[in-house]
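Peer 1: Just dropping this structure here.
The values are calculated or read from the model by the stated rules, or taken from the named source; none is laboratory data. Just so it is clear, the model here is predicted, and its values are computed rather than measured. No Cβ is skipped: glycine too gets one built from the backbone with ideal geometry, and neighbour counts run over all protein chains shown. Keep in mind that these areas ignore ligands, DNA and RNA; they rest on the heavy atoms of the full protein, side chains included. Shrake-Rupley method; radii C 1.70, N 1.55, O 1.52, S 1.80 Å.
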Amino acid sequence: MKTRTLAIIKPDAVASGHTGKIISRITNEGFSILGSKQIKMNLSQAEGFYDIHRGKPFFEELTQFMSSGSCIVLALEKENAVKEWRNVIGATNPDEADEGTIRKLYAKDLGQNAVHGSDSAENGQKEIAYFFAEFELILN
Ligand code: CMP
């Protein structure tokens, strides 16, 4: 069954000029891009997106970083999109990511780890809805 996941190209990867390579990888891996846009979150928008991590020791660092520069948000669709995208991006900590994964290739460290992926199909739908109105999601 086709499912959806949110992908974010994070401020470190955008600032380092990796956006084009990551979007090529997304299409080469067979994902349909239903929507994409460049955004710059303010702190409260980043805190809202990562609300599930509120109270954790890295919350302030994470939300400061995610609101520090431009991100590209993408709504992706594929068979088993959540698992497939997580396979492509690799482990959260790039030191533990497999060779060839996006985080292994482009992430700086655990905090500045180049990309985000949803952790379940249910959260994928919620995270996509955080950034996209329904009319912005187009299956070509
Ligand atoms: P992401 O997939 O965007 O989901 C939550 C993010 O929190 C994660 O990627 C990491 O960038 C970040 N994160 C998780 N654990 C830590 C940590 N121990 N220190 C700093 N950032 C973390």
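Peer 1: Once both labels are modelled 7 Å past Cα along the beta-carbon direction, what's the ASP51-GLU122 spacing in nm?
Peer 2: Spacing of the two 7 Å Cα→Cβ label points: 1.5 nm.
Peer 1: Could you work out the helix-only [θ] at 222 nm for the chain, with each DSSP H run of four or more residues adding -39,500 (n - 2.57) and the total divided by the number of residues, to the nearest 500 deg cm²/dmol?
Peer 2: My calculation for the chain gives -10500 deg cm²/dmol from helical runs alone.
Peer 1: How big is the gap, in Å, between the Cα center of region 56-99 and the Cα center of region 13-29?
Peer 2: Taking the Cα centre of region 13-29 as reference, the centre of region 56-99 is 13 Å away.
Peer 1: Charges only on Cβ, +1 for Lys and Arg, -1 for Asp and Glu: so what's the dipole of the chain about the Cα centre, in debye to the nearest 20?
Peer 2: Roughly 260 debye, rounded to the nearest 20.
Peer 1: Now for a different question. Report, to the nearest whole %, how much of the accessible area of region 12-70 belongs to carbon and sulfur atoms, 1.4 Å probe, protein only.
Peer 2: In region 12-70, the share of accessible area belonging to carbon and sulfur is 49 percent.
Peer 1: Identify, among GLN38, ALA133, VAL115, the residue whose Cα sits farthest towards the positive end of the charge dipole of region 36-140, taking +1 on the Cβ of Lys and Arg and -1 on the Cβ of Asp and Glu, with the dipole about the Cα centre.
Peer 2: Comparing the listed Cα positions along the dipole, GLN38 ranks first.
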